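Novice: Have a look at this one before I ask anything.
The values are calculated or read from the model by the stated rules, or taken from the named source; none is laboratory data. Computed from a predicted structure; not experimentally measured. Here the Cβ is made from the backbone with ideal geometry for all residues, glycine too, and neighbour counts use every protein chain on show. The area values use the complete protein model at the heavy-atom level, side chains included, leaving out ligands, DNA and RNA. Shrake-Rupley method; radii C 1.70, N 1.55, O 1.52, S 1.80 Å.
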Amino acid sequence: MLLLQQVLQSLKILNLKDSYNLFEIRKLSRIPHLETLILWSCHRLVYIYETIGELKNLSVLNMTGCKNLCKREHTNLLVRLVASTFGGAVGEQPTFSFPYSLHQLFLKYCYLECTDSFPLSF
């Protein structure tokens, strides 16, 4: 476990391109020095948790082809699933913001919807 933590601490590029079964991404704050995150063609990706906003070195985020990201019906389902799994009440939709360090953002073929969880205010 210690080795994994050391690797995550030093990781600068994370390429998850074509990870077709990737549904959600959590705890990105465990990779504090991440500079480039590639999520190209992660078609089933529905949600990225708010910890992405804590990545102070993230400069490139490629979400090209993440066509289900932040779709209203998927985020509602995710909130219900999390609530039922952890025995909590259904609360607000989770939200996330982009870090100020971001220089390049690729959203081609994302079909994003403006919702409470993704306000589309950059």
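Novice: Based on this model, can you work out whether V46 counts as modelled with pLDDT under 90 and touching a His at 6+ places or on another chain (Cβ under 6 Å)?
Specialist: Yes: the conditions hold for V46.
Novice: From (1) part of a loop (DSSP other than H, G, I, E, B); (2) at pLDDT below 85, pick out the condition that doesn't hold for N76.
Specialist: It fails just one condition, (1).
Novice: Out of all the residues in region 11-28, which are more than 16 Å from T64 (Cα to Cα) and open to solvent by 50 Å² or more (accessible area, probe 1.4 Å)?
Specialist: Those that are more than 16 Å from T64 (Cα to Cα) and open to solvent by 50 Å² or more (accessible area, probe 1.4 Å): K12, I13, R26, K27.
Novice: While we're here: Based on this model, can you work out whether I38 counts as touching a residue at least 40 places away in the same chain (Cβ under 8 Å) and under 12 Å from the mean Cα position of the chain (by Cα)?
Specialist: Answer is no for this residue.
Novice: Moving on to the next point. I need a count of the residues in region 29-49 that are of a type in the set (V, I, T) and open to solvent by 50 Å² or more (accessible area, probe 1.4 Å).
Specialist: Number satisfying all stated conditions: 0.
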